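Novice: Below you will find the structure I want to go over with you.
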Amino acid sequence: MIDFTLSQLVMRICAVLVVSTLQGWATAAAAVVLGDKGPRHDGRLTIDPFRHVDLLGGAVGLIFAVGWSKWVVVDPRGLRAGRIGLLLVVAASFAALLLGILVLRLMRPYILPLLHDTAAATVFQLIQTIIEMAVSFAILGLLPLPPLPGGQLLIGLLPGWSGWLARMQLLFGAGIAALIATGAAGGLLDPAVRSLMIVILGEDVGM
């Protein structure tokens with residue numbers, strides 16, 4: 001559902017910055033830990049959100065509450081685990097978002113009582129917006145398509161096409177954006193989003 005109220009717009013901007021940063025940083029950090037120093041040289045080991053927000057993915061997230069962070073270039077030849085390392089990188093990206101969701105969920109009951117009613121309601125809605133967007137980013141990010149984190153798996157399966165796949169990020173991104181905008185992606189991803197929200201939070205939300 002598209003909501004263009006000022007308060008919701010501000011909250012979605014904050015959510016896009018937070019979620020994109022966590023997803024991008026986690027992907028880069030996992031690759032570096034596994035031996036590929038490329039993301040470090042590319043400046044992705046930072047919490048600067050502007051190094052992690054993808055213009056198209058962020059815009060889609062702003063409008064539809066589901067999107068993706070900027071692509072992290074990972075060289076499977078530099079990973080100690082080889083192509084299996086790409087699976088670990090994708091898993092780390094997914095796990096980091098889940099951990100972020102759980103941390104916010106656990107912090108919320110301790111933060112809100114310290115605030116006045118209006119501020120508490122605003123902070124509650126902001127945290128909820130970040131949580132819901134993180135779940136959507138996490139599920140979408142598992143799809144094996146650049147520029148999503150799961151696109152690393154496709155590069156691992158087709159190493160000879162890695163250069164072409166990387167160059168086609170914008171085209172793939174436009175296709176993903178179109179599927180989200182038309183609602184086709186929601187029909188495919190919504191059951192997984194709902195299930196994840198129920199499993200880790202005991203809450204239900206739809207795209």
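Novice: Could you say which residue among Val32, Val66, Val72 is in contact with a Lys or Arg (Cβ under 6 Å, 6 or more places away or on another chain), buried (at least 16 other Cβ atoms within 10 Å of the Cβ) and not in a helix (DSSP H, G or I)?
Specialist: Values: Val32 fails: not in a helix (DSSP H, G or I); Val66 fails: in contact with a Lys or Arg (Cβ under 6 Å, 6 or more places away or on another chain).
From the options Val32, Val66, Val72, the qualifying one is Val72.
Novice: If you don't mind, another one. Considering only region 38-61, state which residues are buried (at least 16 other Cβ atoms within 10 Å of the Cβ) and of a type in the set (A, V, I, L, M, F, W, C).
Specialist: Leu45, Val53, Leu56, Val60
Novice: Need pairs with beta-carbon distance below 6 Å; first residue touching a residue at least 60 places away in the same chain (Cβ under 8 Å) and crowded, with 19+ Cβ neighbours inside 10 Å and within region 138-163, second among the β-branched types (Val, Ile, Thr) and part of a loop (DSSP other than H, G, I, E, B); sequence gap 6+ or separate chains.
Specialist: Leu140/Val66; Gln152/Val74
Novice: Condition first: at pLDDT below 95 and in a helix (DSSP H, G or I). Can you find one or more residues in region 15-27 that meet it? Before the answer, list the steps.
Specialist: To start, the set of residues in region 15-27 that are at pLDDT below 95 comprises none.
No: zero hits.
Novice: From the list Leu99, Leu9, Leu115, Leu106, pick out the single residue that is more than 21 Å from the chain's Cα centre (by Cα) and either surrounded by fewer than 16 Cβ atoms within 10 Å (Cβ to Cβ) or of a type in the set (Phe, Trp, Tyr) (or both).
Specialist: Working: Leu99 fails: more than 21 Å from the chain's Cα centre (by Cα); Leu9 fails: more than 21 Å from the chain's Cα centre (by Cα); Leu106 fails: more than 21 Å from the chain's Cα centre (by Cα).
Going through Leu99, Leu9, Leu115, Leu106 in turn, just one is more than 21 Å from the chain's Cα centre (by Cα) and either surrounded by fewer than 16 Cβ atoms within 10 Å (Cβ to Cβ) or of a type in the set (Phe, Trp, Tyr) (or both): Leu115.
Novice: I'd like to check which helices (runs of 4 or more DSSP H) are fully inside region 151-207 and have at least 1 residues that are under 17 Å from Ile101 (Cβ atoms), out of contact with any Leu (no Cβ under 6 Å at 6 or more places or on another chain) and among the aromatic types (Phe, Trp, Tyr). Talk me through it step by step, then tell me what you get.
Specialist: Working: elements: 151-157, 162-167, 169-182, 184-201.
So the answer is none; nothing clears 1.
The values are calculated or read from the model by the stated rules, or taken from the named source; none is laboratory data. Because the structure is predicted, anything quoted here is derived from the model rather than measured. Here the Cβ is made from the backbone with ideal geometry for all residues, glycine too, and neighbour counts use every protein chain on show.
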